[in-house]
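One structure below.
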Amino acid sequence: MKRKVPDYNKVSPGTWLTTYADLMNNLLVMFIMLYMISTIDLQKFKNLTNVMSDLLGGNKESGIVLIDPEHSDLADVEEMILQIEAETEPVTETEAITEPEPDTEEETGTGIMYDLDEFVNKIAAIVRKKGYGDQLDVERVDNYVYLRMREGVLFYPDLAELKEGSYEILSLVADIIKEAYNEIYKIEICGHTAWVEIDEISTNFNSWELSSQRSLTVMRYFVAECGMPKNKMVLSAFSSTEPYTKGETEEEKAMNRRVEIRLSRLIDVEN
C-alpha cells in the first residue's frame with residue numbers, strides 16, 4: 001500500500017520564483033548603484049534628480065546636485081541623497097517660528113549700571129588709568145553715582161570760567177555718562193562753594209550765583225563740546241549749604257568748592 005505524504009511536507013512548485021525574483025531585484029539595485037559610482041552621465045543624472053525631487057514634493061531645480069564623475073564615490077552619493085531630502089523636506093509651522101532673543105542690556109537686566117558697585121569700580125579704574133585719580137572722585141551714595149571735581153580742577157578762583165586744562169577731564173566724564181546714557185534717568189550737575197562770612201548776609205547772593213554759573217558752564221561744555229543731549233540734565237546750585245567736609249582747614253575748604261555730577265538710574269524710578 002502506497003504511503004500517503006502529509007500536506008505539510010508538500011512544496012508548492014512556484015515558491016522558488018518569489019525568492020528568485022527578490023534576488024534579481026537586489027542584484028539589479030546593486031548593479032545600478034555600481035554603475036552610478038563608476039560612471040555618471042550628467043544629463044541622465046540631472047533627469048534622475050528631477051524625478052526624485054518631484055516624488056519628494058520639491059522643486060525640480062532645488063533638488064539638483066552636480067557631482068563630478070571623475071571624483072565621485074559612495075560618500076558623495078550618500079551626501080547627495082541627504083541634501084536632496086533636506087531641501088525637499090517641508091518646513092512645519094513649528095520649525096518656522098523662532099524664539100526672539102533679547103538684544104539689549106536693558107531687556108536682560110544686565111546693563112552696565114545694574115550693579116552700581118561694579119559700575120563705580122570700573123569708572124574709578126578708568127579714571128586712575130587716565131591719571132585723574134587725584135582730581136576726580138567717584139562714589140556711590142545709596143542708588144546714586146557721584147562724579148566729584150574740585151574747584152581747582154575746573155575753574156579759576158571765584159570765577160565760572162573753565163581752565164584750559166579742564167577740557168580733557170570733562171570730556172572723560174562725558175564719555176562715561178554717554179556709555180551708560182540709556183540707563184540713566186537724570187544727570188544732575190551741582191555747583192557748591194565753601195563757606196565765607198559774607199554768606200551770612202541775607203542780601204548777598206554771590207556764592208549762589210557762582211555755584212549756579214559753574215554748574216551751567218559744565219552743562220554748556222557737555223552739550224556744545226561733547227554732543228550730549230540736554231533732556232536728562234538738571235542744574236542745581238547749593239552755595240555753601242551742603243559742605244562735603246567741615247571746612248575747618250584750607251584743604252577742607254578746597255574740597256567743599258566743587259562741582260558734582262549725580263547720576264540716577266531708570267530702573268530705580270520704574271520700580
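Quick note: the coordinates plus some simple rules give every number you see, no bench work behind them. None of these values were measured; they are calculated from a predicted model. Backbone-built Cβ (ideal geometry, glycine too); neighbour counts: all protein chains shown.
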- Message: Please list, in order along the range 250-259, the HN-Hα scalar couplings obtained from phi with the Karplus expression 6.51 cos²θ - 1.76 cosθ + 1.60 (θ = phi - 60°), rounded to whole Hz, x for Gly and Pro.
- Response: 5, 5, 5, 4, 5, 6, 6, 7, 7, 10
- Message: Please arrange LEU216, LEU154, LEU210 by how many other C-beta atoms lie within 10 Å of their C-beta, fewest to most.
- Response: LEU216, LEU210, LEU154
- Answer in debye to the nearest 20: the dipole magnitude of the range 106-270 about its Cα centre, from +1 Lys/Arg and -1 Asp/Glu charges placed on Cβ, is 400
- Query: At q = 0.11, 0.20 Å⁻¹, what base-10 log of I(q)/I(0) does the Debye formula yield for the range 106-270 when every alpha carbon is treated as an equal point scatterer in vacuo?
  - Reply: -0.45, -1.37
- Note on the structure: Amide H neighbours of ILE187 at under 5 Å, excluding residues fewer than 5 places away on the same chain, with H built from the backbone geometry, are MET233, VAL234
- Query: Which ³J(HN,Hα) values, rounded to whole Hz and listed in residue order, are derived for the range 164-174 from phi using the Karplus coefficients 6.51, -1.76 and 1.60 in 6.51 cos²θ - 1.76 cosθ + 1.60 with θ = phi - 60°, glycine and proline given as x?
  - Reply: 4, x, 8, 4, 5, 5, 5, 5, 5, 4, 4
- Query: Taking amide H positions as placed 1.01 Å from N in the peptide plane, with prolines and chain starts having none, which residues 5 or more places from MET228, or on another chain, fall under 5 Å of its amide H?
  - Reply: VAL223
- With θ set to phi - 60° and the Karplus curve 6.51 cos²θ - 1.76 cosθ + 1.60, what are the ³J(HN,Hα) couplings of the range 219-224 in order, to the nearest whole Hz, using x for Gly and Pro? 4, 4, 5, 4, 6, 6
- State the three equivalent ellipsoid semi-axes of the range 152-232, derived from the C-alpha gyration tensor as the square roots of 5 times its eigenvalues, in descending order and whole Å. 27, 15, 10
- Item | Rg over Rh, two decimals, the range 212-256 (C-alpha only, Kirkwood Rh) | 1.13
